[in-house]
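Since the structure comes first, as structure tokens, the remarks are kept for the end.
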Amino acid sequence: MLSRAFIYEQKNSWLYKLNPYIKLTAGTVLVVASIAFFLLQKVLALFAFMIILSASAKKLRMNMGSFAISIPFAAIIFIGEFLLGKNLQIGIAYAIRFVNLVFSSSIIFTSVSPDEIDYIVRKVLRSRDFSFLISTTYKFIPVLASDISQIIEVQKARGVDFETKNPFKLIKNYYTILVPLFVVSIIRSQQLAEALELRGYGASEKPTFIYEYRLGLYDLFFMVFVLLFVLLVAFL
């Protein structure tokens with residue numbers, strides 16, 4: 001669940017059928033709202049809205065991994081705010097605010113595909129190479145996460161202790177992951193370069209797209225709904 005928190009997986013739900021511009025814009029609005037809202041009732045309202053949104057899109061279980069990532073940091077934020085401000089409500093609000101930020105980011109990453117990111121960047125910036133760089137980086141996030149997991153398992157089999165409570169030893173042990181990960185990344189980059197050359201990347205000055213995304217009434221309705229909700233919570 002943790003590894004799937006920020007990885008795109010296609011599902012049969014209404015959210016994945018939306019225009020990619022709308023999905024990215026609505027997700028950005030939720031991220032901005034997560035940063036801008038400070039009061040407890042506002043952050044709770046935004047949190048409940050994103051839970052309902054994720055559940056209705058059949059991706060709540062997928063996004064739940066973001067909680068595992070955000071809870072330790074949210075606990076640190078809560079303790080810090082409570083000790084400094086001596087205010088329980090403010091401490092809870094700031095902790096949930098951080099959870100909202102991670103959760104909204106998870107919604108974006110798990111609902112917008114790398115191909116859609118490539119389409120948006122290429123249409124907006126008119127740069128094929130830059131859009132390819134962004135989409136390729138996005139695509140290789142789950143591959144890199146899988147490589148790290150495999151390397152950790154191999155190092156555990158060789159006797160490396162990743163559960164030691166000694167912080168200096170733990171840092172030293174995690175250093176054993178970097179060298180093989182670096183080597184694997186170089187090999188993958190070479191393979192990618194050879195694949196691009198064989199497929200004729202850059203041969204056409206004006207490449208076309210397989211799909212063209214159109215804006216529909218359903219997309220506009222969803223965008224207006226998200227904006228109205230955020231504005232309503234903002235002026236509560």
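So, in the stretch 121-147, exactly how many residues are crowded, with 16+ Cβ neighbours inside 10 Å and over 18 Å from residue 10 (Cα atoms)?
Qualifying residue count for the region: 7.
Listed here are the residues, each with its yes/no results for (1) outside any helix (DSSP H, G or I); (2) in contact with an Asp or Glu (Cβ under 9 Å, 6 or more places away or on another chain); (3) aliphatic (A, V, I, L, M); (4) within 26 Å of residue 225 (Cβ to Cβ).
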site	(1), (2), (3), (4)
28	no, no, no, yes
33	no, no, yes, yes
43	no, no, yes, yes
47	no, no, no, yes
74	no, no, yes, no
81	no, no, no, no
95	no, yes, yes, no
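Among the candidates 176, 110, single out the residue that is assigned to a helix (DSSP H, G or I), among the β-branched types (Val, Ile, Thr) and closer than 27 Å to residue 33 by Cβ.
Every option except 110 fails the conditions.
Among the β-branched types (Val, Ile, Thr) and touching a Lys or Arg at 6+ places or on another chain (Cβ under 9 Å): does that describe residue 137?
Criteria not met by residue 137.
From the list 92, 51, 71, 120, which residue is under 27 Å from residue 132 (Cβ atoms) and not small (Gly, Ala, Ser)?
Values: 92 fails: under 27 Å from residue 132 (Cβ atoms); 51 fails: under 27 Å from residue 132 (Cβ atoms); 71 fails: under 27 Å from residue 132 (Cβ atoms).
Criteria check complete, one pass: 120.
Is it the case, given these coordinates, that residue 82 is assigned by TED's automatic domain parsing to the domain that holds residue 225, touching a Ser or Thr at 6+ places or on another chain (Cβ under 7 Å) and over 20 Å from residue 236 (Cα atoms)?
no
When residue 198 is evaluated against the numbered criteria (1) modelled with pLDDT of 85 or more; (2) surrounded by fewer than 12 Cβ atoms within 10 Å (Cβ to Cβ), which criterion, by number, is the only one it fails?
(1) is the only condition that residue 198 fails.
Would it be correct to say that residue 23 is closer than 29 Å to residue 215 by Cβ, assigned to a loop (DSSP other than H, G, I, E, B), modelled with pLDDT under 90 and among the basic types (Lys, Arg)?
Working: closer than 29 Å to residue 215 by Cβ: yes; assigned to a loop (DSSP other than H, G, I, E, B): no; modelled with pLDDT under 90: yes; among the basic types (Lys, Arg): yes.
No.
The values are calculated or read from the model by the stated rules, or taken from the named source; none is laboratory data. The structure presented is a predicted model; accordingly, all values stated were derived computationally and were not measured. Neighbour counts run over all protein chains shown; Cβ positions are idealised from the backbone, glycine included.
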